[in-house]
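Each remark here refers to the structure printed beneath this line.
Just so it is clear, none of the values below were taken in a lab; they were calculated from the coordinates. Computed from a predicted model, the values in this text were never measured in an experiment. All Cβ positions, glycine included, derive from the backbone under ideal geometry; neighbour counts span all protein chains shown.
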Amino acid sequence: MDAVASVVPAVVCFDASGVLFTNGTRILIERLATETGADRAALSTLFSGPESWALRRGEIEAGAFWAWIGPRLQAATGLDAEMIRRAWLACFEPHPGMVVLLEHLAAAGFALGVIAETTAERAADLERRLHLDRLLQHRFLSFEQGADKRDGALFALAAAALPAGVPRIMVEDEPASAAFAAAAGFISLIYRSAAGIAEDLQELGFSTDLGR
């Protein structure tokens, strides 16, 4: 067992959208459909099509993506594309208790990380607002790694880079992603709430001292 394993009880990694934060894309699609009458399925296709995944993997820049999606969103909703762009970022908010949980786990000696499919623009906006990088020792973001979770590649990259000899835990909101994480050697947890994560860690035998 290496030196890291002797001082770190576990490496705990989190998904971003849906775990650390609300799923802003789903929220935005629902809001646009409700407020403008735009077709939900059509909006979902725009936000989850090949162009969107290319953006998340860092294969295209934000400017190129918005040059493509902007006119289509305006046609579908009648709203200004730049307004939608700002609204999309604003729809990502931390889930209740998550920042406090991260602070507590970091103080308790856990090594924390994020493994997430996201964009450079979103990551920068969330860091500007919340300053979570101070708590996250390990960062595996799709646009930096050029990989995503749909085939397990992002988890494999993270697993190869994380310290050896220490339990690795991944908190996901999607069962399919949790399964890929498990295949890469992570103990997979499904997000319920910040308190739920603490309970799950305690059930795994880790002392979190939360609530004391």
The stretch 72-131: trypsin sites (Lys or Arg not before Pro) falling in loop per DSSP and having at most 16 other Cβ within 10 Å = none
Against the longest principal axis of the chain, how steep is helix 81-90, in degrees 0 to 90 to the nearest 10, with axes from Cα atoms?
-> 20
³J(HN,Hα), Karplus 6.51/-1.76/1.60, whole Hz, each residue of the stretch 122-135, x for Gly, Pro | 5, 4, 5, 5, 5, 5, 4, 7, 10, 6, 8, 4, 5, 9
Mean shadow area of the stretch 51-127, taken as a quarter of the surface of its Cα convex hull (nm²) | 6.2
Grab the Cα-Cα distance for Met83 and Ile27, subtract it from 0.36 nm times how many residues apart they are, and report the gain in nm with one decimal.
-> 18.7 nm
For helix 24-36, report the angle its Cα long axis makes with the longest principal axis of the Cα atoms of the chain; keep it between 0 and 90° and round to the nearest 10°.
-> 30
Convert each backbone phi in the stretch 61-73 into a coupling constant with the Karplus relation 6.51 cos²θ - 1.76 cosθ + 1.60 (shift: θ = phi - 60°), then list the ³J(HN,Hα) values in order as whole Hz, x for Gly and Pro.
-> 7, 4, x, 5, 5, 6, 5, 7, 7, x, x, 5, 5
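What does the C-alpha gyration tensor say about the overall shape of the stretch 11-92? Classify as rounded when a/c is under 1.5, otherwise prolate if a/b is larger than b/c, or oblate. The partial results should precede the final answer.
Values: a/c = 2.02, a/b = 1.33, b/c = 1.52.
Oblate shape, in that a/c is at least 1.5 and b/c is the bigger or equal ratio.
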As a check on your grasp of the helix formula, calculate [θ] at 222 nm for the chain: sum -39500 (n - 2.57) over DSSP H runs of n ≥ 4, divide by the residue count, round to the nearest 500.
-> -15500 deg cm²/dmol
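Highest mean first, how do 7-14, 182-189 rank when packing is the count of other Cβ atoms within 10 Å averaged over residues?
Values: 7-14: 21.1, 182-189: 18.4.
The most tightly packed comes first, giving 7-14, 182-189.
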At q = 0.10, 0.14, 0.18 Å⁻¹, what base-10 log of I(q)/I(0) does the Debye formula yield for the chain when every alpha carbon is treated as an equal point scatterer in vacuo?
-> -0.46, -0.85, -1.29
Can you grab the distance from the C-alpha centre of the stretch 1-69 to the C-alpha centre of the stretch 93-125, Å, no decimals?
-> 15
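Note down the relative contact order for the chain as a percent, whole number, built from C-alpha pairs under 8 angstrom at least six residues apart. Walk me through the numbers on the way to the answer.
Values: 306 pairs, mean separation 62.3, N = 212.
Averaging sequence separation for qualifying contacts and normalising by length gives 29 percent for the chain.
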Given H placed on each backbone N at 1.01 Å, which residues far from His95 in sequence or on other chains put an amide H within less than 5 Å of it?
-> Phe21, Thr22
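Based on DSSP, what percent of beta bridges with both residues in the stretch 53-212 are antiparallel, to the nearest 5?
Looking only at bridges with both residues in the stretch 53-212, the antiparallel portion is about 0 percent.
Given the Cα-Cα distance of Ala90 and Glu203 and 0.36 nm per residue of separation, how much length would full extension add, in nm? Intermediate results must be reported in sequence, preceding the final value.
Details: separation 113, 0.36 × 113 = 40.68 nm, distance 3.47 nm.
That works out to 37.2 nm of additional length.
Please work out whether the stretch 154-212 counts as rounded, prolate or oblate from its C-alpha gyration tensor, where a ≥ b ≥ c are the square roots of the eigenvalues and a/c under 1.5 means rounded, while otherwise a/b larger than b/c means prolate and anything else oblate? Show your work: numbers first, answer last.
Details: a/c = 2.76, a/b = 1.46, b/c = 1.90.
Oblate.
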